[in-house]
1. Hey, what angle do you get for helix 57-69 against the long axis of the chain, alpha-carbon based, 0 to 90 degrees rounded to 10?
2. Students often get this wrong, so try it: which of [x] 1.13; [y] 0.96; [z] 1.05 is Rg/Rh (Cα atoms, Kirkwood Rh) as calculated from the structure shown?
3. Give me Thr76, Thr21 ranked fewest to most by other Cβ atoms within 10 Å of their Cβ, as a rough exposure proxy.
4. Arranged by the count of other C-beta atoms within 10 angstrom, fewest first, what order do Ile77, Ile11 take?
Amino acid sequence: MYLRAAFGANILSRLELLSKTLSTAGVADADLNVAIWSLWNYVIGATITRANFDRSDDDRAAAQQRLTSLSQHYPTIERSRLLLDNDWDGAFRKGLDFLLDGLAPRQ
């Protein structure tokens, strides 16, 4: 029989801190789990994306050049020059602001 390992103290402490912070900020108990997982998934997703897409300036330029030649298939990301954007921290902060604004307590 396979037994799953219980969550350890480290992960539980992180989840408790996030939960307490959101609760203190006014997130209703009914919305707390969704808020926790939304923020958790945003951070993990941003980390994985950065690790996989963080390239040198030359690599980004070459990728954008290739994308330009394929612009009939990918016009929107070519036009926005997505592959040249390397402001990971700025994009993370702005995205987090979008997410947090959506989690703001409803009045």
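1. Helix 57-69 sits at roughly 70 degrees to that axis.
2. Correct label is [x].
3. Ordered from fewest to most neighbouring Cβ atoms within 10 Å, Thr76, Thr21 come out as Thr76, Thr21.
4. So the residues, fewest neighbours to most, are Ile11, Ile77.
No lab work stands behind these numbers, since they all come straight from the coordinates. Just so we're clear, the structure is a prediction, and the values are computed from it rather than from any experiment. Note: ideal-geometry Cβ built from the backbone for every residue, glycine included; neighbour counts use all protein chains shown.
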